[in-house]
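S.K.: Dumping the structure here so I can ask a few things about it.
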Amino acid sequence: MLLRVIAPALLAIGLPAWASAPPKPLAILKPTLSQFEDGPAVGSDFPFLPGDTIFFSFLIQGYKASEDARIHLQYQIDALDPDGVRLVETLRRDVKTELAPEDKDWMPKARQSIVVPPLIQPGLYQIVVSVKDLLADREVRTELPFRVGGRQVAPSDTLVLRNFRFLRSEDDPQPLVLPVYRPGDTLWARFEIVGFRCAEQNRIHVEYGLSVLGPTGKTLYSEPRAAVEEAASFYPKHYLPGSLSLNLQPNAQRGDYTIVLTLRDDVGKQVFQARYGFKIE
């Protein structure tokens, strides 16, 4: 009788602390967005900007350990736009490790950086995380919203140029109310191109030409291919930024001038032309 009482007690003493604890449900805890790695958390209203890097982290609770104190988890992260389109490729990681006796309360921490695409519309986006415990055959999922700020550019079903604005200098944040320049000035302008088509792998081929007409309507300057954008990307570009500059001659005739911009979308076989007037006085 004495041996029958002592033997189970000895076996219980040999178990690691985490093995005797009641199992907790598999859970994703403390999902956090930061501006830099291990930085303070930002709220869902914090506006990340196009091109920013989001540092995302979370803890995993409630995993199952094998008899030899090993765990095997997998997690998957997707960053989605308001229409459910992925911003970057799905991120998948394995968590394999061996637990020590003192790891009773240890929780794996996942860290992942996500780059916001540079040409993206502002709005409310979300990160979707799923964690699977392969030993317990359990899975859990959570969603975390985040906001993207930046410039709003209205979409279009066809090729078009939007928000053309004359500027006093290259980095001028405010457009000129009246596009009036003096001889010898440098004219600056910015605009956005929307409505172009994408081929496979979101490949685009967009270009624009530039002409300047003088006060009499005569063409004073022409560059048929002033700029070309040919590229592919994982996330489709919603718009393309464009800019131009003109060095006005010191002896330029005073009067009304016209800039003619001709856009061409090679993938969608579209052409669009627009005219914008300015004055030299």
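S.K.: Restricted to the stretch 129-146, and to residues that are touching a Phe, Trp or Tyr at 6+ places or on another chain (Cβ under 8 Å) and outside any strand (DSSP E or B), which residue is nearest to K24 (Cα to Cα)?
M.R.: A136
S.K.: Y75: surrounded by 15 or more Cβ atoms within 10 Å (Cβ to Cβ), in a loop (DSSP other than H, G, I, E, B) and over 18 Å from the mean Cα position of the chain (by Cα), yes or no?
M.R.: No; evaluated as a whole, the condition is false for this residue.
S.K.: Being assigned to a strand (DSSP E or B), in contact (Cβ under 8 Å) with a residue 40 or more places away in the chain and closer than 21 Å to V85 by Cβ is the filter here; which residues of the stretch 206-236 pass it?
M.R.: Listed by number, the list holds a single entry, V206.
S.K.: What number goes with the only condition from (1) more than 30 Å from L99 (Cβ to Cβ); (2) at pLDDT 90 or above; (3) assigned to a loop (DSSP other than H, G, I, E, B) that K64 does not pass?
M.R.: (1)
S.K.: Any residue in the stretch 33-40 that is in the same structural domain as V116 (by TED's automatic domain parsing), free of Cβ contacts under 8 Å to residues at least 12 places away in the same chain and over 19 Å from the mean Cα position of the chain (by Cα)?
M.R.: Yes, because at least one residue in the stretch 33-40 is in the same structural domain as V116 (by TED's automatic domain parsing), free of Cβ contacts under 8 Å to residues at least 12 places away in the same chain and over 19 Å from the mean Cα position of the chain (by Cα).
S.K.: Something else about it: Tally time: how many residues in the stretch 104-146 are surrounded by 15 or more Cβ atoms within 10 Å (Cβ to Cβ) and in contact with a Pro (Cβ under 6 Å, 6 or more places away or on another chain)?
M.R.: 4
S.K.: Can I ask one more? Pairs needed: first member in the stretch 80-106, assigned by TED's automatic domain parsing to the domain that holds I120; second member anywhere, in a loop (DSSP other than H, G, I, E, B); C-beta distance under 6 Å; at least 6 residues apart or different chains.
M.R.: Matching pairs, first to second residue: L87/P117; L87/Y235; V95/P108; E98/A69; L99/A65; L99/A69; P101/P16.
S.K.: If you don't mind, another one. Taking T186 as the residue in question, decide whether it is of a type in the set (S, T, N, Q) and loosely packed, with under 12 Cβ neighbours inside 10 Å.
M.R.: no
S.K.: Go through the stretch 116-143 and count every residue that is of a type in the set (S, T, Y) and over 25 Å from the mean Cα position of the chain (by Cα).
M.R.: Going through the stretch 116-143 one residue at a time, the tally reaches 0.
S.K.: So which pairs qualify, if the first residue must be in the stretch 42-63 and under 30 Å from D137 (Cβ atoms), the second must be of a type in the set (F, W, Y) and loosely packed, with under 15 Cβ neighbours inside 10 Å, the Cβ gap must be under 6 Å, and the two must be at least 6 apart or on different chains?
M.R.: Hits for this filter: zero, empty list.
S.K.: Is it true that some residue in the stretch 237-253 is charged (D, E, K, R), part of a strand (DSSP E or B) and either surrounded by 13 or more Cβ atoms within 10 Å (Cβ to Cβ) or without any contact (Cβ under 8 Å) to a residue 12 or more places away in the chain (or both)?
M.R.: No - not one qualifying residue is present in the stretch 237-253.
S.K.: Quick one: in the stretch 155-178, which of the residues that are among the aliphatic types (A, V, I, L, M) and surrounded by fewer than 12 Cβ atoms within 10 Å (Cβ to Cβ) is farthest from I54 (Cα to Cα)?
M.R.: L178
The values are calculated or read from the model by the stated rules, or taken from the named source; none is laboratory data. Keep in mind that what you see is a predicted model, and the values were worked out from it rather than measured. Neighbour counts run over all protein chains shown; Cβ positions are idealised from the backbone, glycine included.
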